[in-house]
Protein chains: 2
Amino acid sequence: MHDISPIRAKSGTNQEGTSAHNRRVMIEALRLNGALSRADLARATQLTKQAVSNIVEDLERDGLVVALDAVRKGRGQPFTPYRLVPEGAFAIGLQIDRHLTRVVVVDLVGKVIARAEAGLPLDEPSAGAKIILSLVDRVRRELASLFAQSERRLVGLGVAMPGPFGLRESDDKWMMPAWQQFPLLETLAAGTGLNVGLQNDAAACATAERIVGAAHGVDHAVCLYVGYGIAAGLILNGELYNGGNGNAGEIGRALLSPAGPGSTPLEHRASLASLYQHLGLDPAERGLYEKLGALALAQDPRVMGWVERAASDLRWSVHLIETIFDPQTVILTSSAPEALARLLLQAMHPLLPSIADRPVRRLPRLQLGTTDPWAIAVGAAAEPISRAFDPRFSAILKAG
Amino acid sequence: MHDISPIRAKSGTNQEGTSAHNRRVMIEALRLNGALSRADLARATQLTKQAVSNIVEDLERDGLVVALDAVRKGRGQPFTPYRLVPEGAFAIGLQIDRHLTRVVVVDLVGKVIARAEAGLPLDEPSAGAKIILSLVDRVRRELASLFAQSERRLVGLGVAMPGPFGLRESDDKWMMPAWQQFPLLETLAAGTGLNVGLQNDAAACATAERIVGAAHGVDHAVCLYVGYGIAAGLILNGELYNGGNGNAGEIGRALLSPAGPGSTPLEHRASLASLYQHLGLDPAERGLYEKLGALALAQDPRVMGWVERAASDLRWSVHLIETIFDPQTVILTSSAPEALARLLLQAMHPLLPSIADRPVRRLPRLQLGTTDPWAIAVGAAAEPISRAFDPRFSAILKAG
DNA sequence: TAATTAAGTCAAGCGAATTGACTTAATAGG
DNA sequence: CCTATTAAGTCAATTCGCTTGACTTAATTA
C-alpha cells in the first residue's frame, strides 16, 4: 500500500532471537562474574535450570565455555562452575593514526594474542591500505600458528580512527583529507573477507575500558580521551552510543564559551597536539612517547604549564559530561605516557561541583583508565567481539 | 555459589518476550505509518503474514486496532488497512510545578481527553498530595463518563517535575526542598492504585515531542527546554535516556566557562526565572503568561535585551548538544508564550558551526517544538503509554 | 542413619512463529 | 471476454526453544 515512502518499523523477532539473546546473556554473565554454575545462571537470568542447561551445553559444544571441577559448598549436590574459554573467539583490531598503524588480535576476554605496527603514508591511502592488509595478514598467520580453528573463530575486524566522520571536506589540520575520501572499510572488507566495523578513537577507548578496564560491568560511563585530539566515548545503558551519524562524543570540537565563532575549540587547548605545539615538538618524531614520559616524570616546567591550562579545560569538560550524561563514573584515558596522564588527573582535582557530587557514590567521579598505547587497537578489536557476543536489543531483531 | 555479592546479569527471555515485542512493533508501525495492511506489517517487521495475522487479531480483540474498509489497489486481492484505536488505552499525566499543578488524561495517540489544574502549597507536600489526588480523581471520573471500560484501559500515571532528583539537600532557590523529602510517588501510587513513573520537565517535553510532535519517529533528538529552569530531554536510539541516576540532561546547571567555581550556571542566565528577575516580575503573579506574550509581541526592549543574552547562551548550548550527541535534530521547547519562544529561536540564528553542519540534512538543525503550556503534562502521560506499548529492550526481558 | 537441601536431568507440554499449499479477488493483456 | 498474473490473506501441520513437574544424585546437618 505504501510504494513510495518506505514503511518505518522495527523488525519483529522469533525463537531464534530469543535463543540468541539468552546465549549472549549467559556469556555476559560469565564475563562479569567469572565462573558460575548452571543453577547460578538460572537464578541470575531468570531462566529455568533446564533452559540454562541446554544453552550451556550448546556453548560448551561451540567451545565458548568449559566446565571446571565440581565444588562442594554446603548442603546439596556439588555444583559445576563454568567459565568462558578465552580462545573461543578472536577478533582483529586496527588503529589507524596519523603516523602509525597498529593491529592486534584479541581473544574473547580481550587479551592480546598478537600485534604488529607500521608507519603509514599520510597521503597515499591505497598504498596505506596495502600495508594495513599485510599487517592484518601477518597477525592472522601468527594467530593461526597458535590456535587451531582460529579462522573459524575470527568474528570480525574493528577499525578505530580519529573522527569525526562524514563531514563536508574540511581544511582542519587534524584531519587526514586523503583518507576521508578513500573507501577504506570496503577495501578492508574485500581484502580480509571479514566483517568490518568503525569507531572513533574515543569510542574504541570506551569499548576497551568496557571489556577489560574500569567500565567493566558499568552501564553508564563516559570515557574522556585525550590523544592527538580529544573526544568522549559514551557507554549509555550498557552500550556504546554513536549518535545519529556516528559522531557522538566529538567534544574536542566544542567551543569553550558562549562568546561566538571566535572562541577556541577544546581540542586546540587541551589535546596532545596542543602540547606538541606548546613544546615545539614534531608529532612524527621518533621516541616522542619516551621523551614526553621523561619530561612528565621530571615535572618539566613547560609541561607543567600546559598541564595546568589543559587540566582547567578538562576539569570543566568533566563537569559538562557529568551534568549532561549523569554517568556513574568518568574515565580519563590518554595516548600520552602514564606519568603525564597522572599529572593531568592530579591537576584536574578538585573537580568542579556538579550533580555527580552525590551523598553516596559507588564509583569515583573521575578515575584513570588504561594508558597502554595499544588500548585503542584493543578497543577496536573488542567491538566485533561485543557485537557478536554481548546482549543488545539489535541482536534480538530479525534484521539490522 | 555467590551468596555475598549478587550475581550481575541481564535477564533472559522466552516466547512471552517475543510475543510482547512483536505486539509492540505492530503498534509502533501503525503509530508511525498511520494505517497498514497485514501484508504491509509483515513486510515491514519481517515477520510472516501468518504471524502478523495472529497478532493483529489479538490486538483487535484487545481493542487496540480496528480494520478499515478494504482498499482496491492494483492487481491482487484488496487489502484491509488497520489503524490504532485512540481509545484503546489511556494514561494520566501530572505536571507538578512551583505554582501550579496540571493533570491530563491522554489516549493511546496522545490526544488530551480531560484536564484539570490547581495551585499547590509550596511548603506542605502532604496537603499538596491530597489536592493532586483529588485532581486525578476528577479527571478519572471525567474519563469514565466518556468511555466505558476506561479503568481497565488506564495504563499508568506519569509525573513530571523539575529536576534534578536525589541530590544532597540543597539551598538552591529553584528547588522545592519540602517536596524533595516527601515520598510523593509512593503516596500517589497508593492513592491511585496506578503504576507511577517520574521524569523531569525536559524529559517529559521530549516524550511529548516524540509521541505527537517534532520527534515523532526520530531516533536521535534532543529537546532543549527553556522553562523556569533549563534542561535537555534526550532521545537516544529511539528511547528517552535517563542517565545513571535519572538526572541526564540537567544542563541548566552547566557552568558556562572553564573559569572555575565562580562562573555562572546556564540556568541563571537563560531561564525564564532569569527573565522574571530581569523584568522584576513575580513568577507567582496571575496573568503572567499573557503579560509575557504581550511584551514579546510588542518586542518590548527589556524583553529583547534578555532574549539577546539568553539566545547567545542557548546558541552555544545547541552547539554543545550537537557536538556531544550528534542528534538528527534539536527541538526548542519552552513553557513561555509562543511569541517569546519564536523570538528566542530567531535570535539563536545563525547557529554556531558544529559537526551538525553537514552537507545533507533531512531535518533542520534547530526547530521549534510545541509551546503549549500543557505539553509537559501530556509528556508525563505519554511516558506510561510508551512504557506499555513501545518496543524496547527491557520489554523483552523477563524482569526489570 | 535419616532428614534436608540443592544441583542437575528427564520427558512431556506449550506457545508463538514458520512453512507451504490453498483460497479469494482484484487487474492486465491477448 | 476470457485467461493469466499478482497479491492478500487463511489453513493446517511443523518446528523450536523454553517451561513444567517429577525424579535422581550427592552433599551437609541433626
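The values are calculated or read from the model by the stated rules, or taken from the named source; none is laboratory data. Everything numeric in this text was worked out from a predicted model, so none of it was measured. Positions of Cβ are backbone-derived with ideal geometry, glycine not excepted, and every protein chain shown enters the neighbour counts. These accessible areas exclude ligands, DNA and RNA; they are computed on the full protein's heavy atoms, side chains included. Shrake-Rupley method; radii C 1.70, N 1.55, O 1.52, S 1.80 Å.
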With one decimal in nm and the nearest listed first, the spacings from B:Gln299 to its own position in the other copies, using label points 7 Å along Cα-to-Cβ, are 6.0
Between the Cα axis of helix A:338-347 and the main Cα principal axis of chain A, the angle (0 to 90°, nearest 10) is 70 degrees
Reduced to Cα centres, the span from segment A:105-139 to segment B:35-56 in Å works out to 46 Å
Sparse-neighbourhood loop hits (GluC sites (Glu not before Pro), segment A:86-152; DSSP loop; Cβ within 10 Å at most 13 others) -> A:Glu151
Highest GNM mean-square fluctuation among A:Arg361, A:Arg253, A:Arg31, for chain A with Cα springs under 10 Å, belongs to A:Arg361
Shortest first and in nm, the label-point separations between A:Pro364 and its counterparts in the other identical copies (7 Å out along Cα→Cβ) come to 4.6
In nm, the gap between the two label points placed 7 Å beyond Cα toward Cβ at A:Glu142 and B:Ala189 is 5.5 nm
With all protein chains in place and a 1.4 Å probe, A:Lys111 shows an accessible area in Å² (nearest 10) of 120 Å²
If unit charges are put on Cβ atoms (+1 for Lys and Arg, -1 for Asp and Glu) and the dipole of segment A:214-369 is taken about its Cα centre, the option from A:Asn247, A:Ala214, A:Ala296 lying farthest towards the positive end turns out to be A:Ala296
Sorted shortest first, the nm distances from the B:Ser257 label point (7 Å along Cα→Cβ) to its counterparts in the other copies are 0.3
In whole Hz, the Karplus estimates of ³J(HN,Hα) for segment A:207-222 (6.51, -1.76, 1.60; θ = phi - 60°; x where Gly or Pro) are 4, 5, 4, 6, 7, 10, x, 6, 9, 4, x, 9, 8, 10, 9, 10
Taking protein heavy atoms only, a 1.4 Å probe, and rounding to whole percent, the accessible area of segment A:161-317 owed to carbon and sulfur comes out at 51 percent
Expressed as a whole-number percentage, the relative contact order of segment A:36-186 with C-alpha contacts under 8 angstrom and at least six residues apart is 19 percent
The convex hull of the Cα atoms of chain A, divided by residue count, gives a volume in Å³ per residue of 197 Å³
When chain B is treated as a Gaussian network with springs between alpha carbons less than 10 Å apart, the largest mean-square fluctuation among B:Gln367, B:Gln95, B:Gln50 is found at B:Gln50
Once the in-chain neighbours fewer than 8 apart are removed, the aspartates and glutamates whose Cα is under 16 Å from A:Lys10 read B:Glu28, B:Asp40, B:Asp219, B:Glu239, B:Asp390
Sorted list, accessible surface of protein heavy atoms, 1.4 Å probe, largest first, for A:Val330, B:Val196 is B:Val196, A:Val330
Counting only DSSP beta bridges with both partners in the protein assembly as shown, the antiparallel fraction in percent, to the nearest 5, comes to 60 percent
Interface residues of segment A:380-396, defined as losing at least 30 Å² of accessible area versus the chain alone with a 1.4 Å probe, are A:Phe393, A:Ile396
Magnitude of the Cβ-charge dipole (Lys and Arg +1, Asp and Glu -1) of the protein assembly as shown about the Cα centre, nearest 20 debye, reported as 1480 debye
From the Cα centre of segment A:319-336 to that of segment A:339-363, the distance in Å is 9 Å
Mean per-residue count of partner chain Cβ within 10 Å for B:13-23 equals 6
Counting only DSSP beta bridges with both partners in chain A, the antiparallel fraction in percent, to the nearest 5, comes to 60 percent
Each label sits 7 Å from Cα toward the beta-carbon; between A:Glu151 and A:Asp69 the label points are separated, in nm, by 3.9 nm
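Please give the per residue accessible area of chain A, computed with a probe of 1.4 Å over protein heavy atoms only, in Å². Don't skip to the end; give the middle numbers.
Values: 16270 Å² over 400 residues.
Solvent-accessible surface per residue comes out at 41 Å².
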With a 1.4 Å probe and ligands and nucleic acids left out, the total accessible area lost when A pairs with B, in Å² to the nearest 100, equals 7400 Å²
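Percent of accessible area on segment B:89-143 owned by carbon and sulfur, 1.4 Å probe?
So the carbon and sulfur contribution to the accessible surface is 50 percent.
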The helix B:15-33 Cα axis meets the longest alpha-carbon principal axis of chain B at an angle in degrees, between 0 and 90 and rounded to 10, of 70 degrees
Losing no less than 10 Å² of accessible area (probe 1.4 Å) relative to the isolated chain, the residues of segment B:309-352 are B:Ser312, B:Asp313, B:Trp316, B:His319, B:Leu320, B:Thr323, B:Ile324, B:Phe325, B:Asp326, B:Gln328, B:Leu352
Of the accessible area of segment B:15-84, computed with a 1.4 Å probe and all protein chains kept, carbon and sulfur make up a percent value of 45 percent
Two pseudo-spin positions, 7 Å from Cα along C-beta at A:Glu290 and at A:Ser263, lie apart in nanometres by 4.2 nm
